[in-house]
Amino acid sequence: MIDRRAPVLTHSWLGSLYRNGDQELIGSIELDPAIRPPRDNGDRDAEVLLEIGAIEPGTELDAHLDACAARIRQALDRLPDLKLHALDHAPPGWARHYAAQPGPPLAGRLFLDGLQVSRQLLVSLDFDFGDLGLLAVRLGPAGHGEAVFLRA
């Protein structure tokens, strides 16, 4: 359960972070429209979910959050390539089905909704594609796409 009464801490780049259960922090970052267009309501936020394990606020957590921020920035720098990776490695039939739907090219319909960073600093990107699910891309340690799957 997310307690948004008061942030656990505020990071210089990640902003206000709140508890999401015992092992995670949640927040949101503002994305430059050059990276991703704003939401329909004009908001530029993307949710960020960070796995921290049992680390308590202090220097170790600060270092982990700095590393999470660096990994997120690295993923955002590669966003166009990661979208193409997502389309090339999507579950069988998914890309074919959605590409046949009317609208802009499928890559243009993948909207970065959120990012997750594991305790091991592995990043996952969640793309909304205008339906009820999310297309997720998990990145490997070097920041390249490793797995693509649907998330409910």
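The values are calculated or read from the model by the stated rules, or taken from the named source; none is laboratory data. Since the structure is predicted, the reported quantities are computational estimates derived from the model, not experimental observations. Counting neighbours? That spans all protein chains shown, and the Cβs are built from the backbone with ideal geometry, glycine included. Note: areas computed on protein heavy atoms with side chains; ligands, DNA, RNA excluded. Shrake-Rupley method; radii C 1.70, N 1.55, O 1.52, S 1.80 Å.
Within region 109-129, the residues that satisfy the criterion of being under 22 Å from Asp32 (Cβ atoms) and open to solvent by 30 Å² or more (accessible area, probe 1.4 Å) are Arg109, Phe111, Asp113, Gln116, Asp128. Against the test of being touching a Ser or Thr at 6+ places or on another chain (Cβ under 8 Å) and outside any helix (DSSP H, G or I), the options Glu56, Glu47 yield a single qualifying residue, Glu47. Output yes when any residue across region 69-76 is among the basic types (Lys, Arg) and not in a helix (DSSP H, G or I), and no when none is. No, that holds for no residue. When region 51-62 is filtered for residues that are open to solvent by less than 60 Å² (accessible area, probe 1.4 Å) and of a type in the set (A, V, I, L, M), the ones remaining, listed by number, are Ile52, Ile55, Leu61.
Restricted to region 1-30, and to residues that are acidic (Asp, Glu) and at pLDDT below 90, which residue is surrounded by the most Cβ atoms within 10 Å (Cβ to Cβ)? Before the answer, list the steps.
Quick first cut of region 1-30, residues acidic (Asp, Glu) only: 3, 22, 24, 30.
Imposing the further condition that a residue be at pLDDT below 90 reduces the set to 3, 22.
Values: Asp3: 12, Asp22: 8.
The residue in question is Asp3.
Return yes when Glu146 is within 23 Å of Glu24 (Cα to Cα), in a strand (DSSP E or B) and open to solvent by 60 Å² or more (accessible area, probe 1.4 Å) and no when it is not. Judged against the criteria, Glu146 is a match. Taking Leu135, is it at pLDDT 95 or above and assigned to a strand (DSSP E or B)? Yes; evaluated as a whole, the condition is true for this residue.
One line per residue, one yes/no per condition, for (1) touching a residue at least 60 places away in the same chain (Cβ under 8 Å); (2) surrounded by 12 or more Cβ atoms within 10 Å (Cβ to Cβ):
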position: His64; (1), (2): no, yes
position: Arg78; (1), (2): yes, yes
position: Pro91; (1), (2): no, no
position: Ala100; (1), (2): no, no
position: Pro104; (1), (2): no, no
position: Ala107; (1), (2): no, yes
position: Leu139; (1), (2): yes, yes
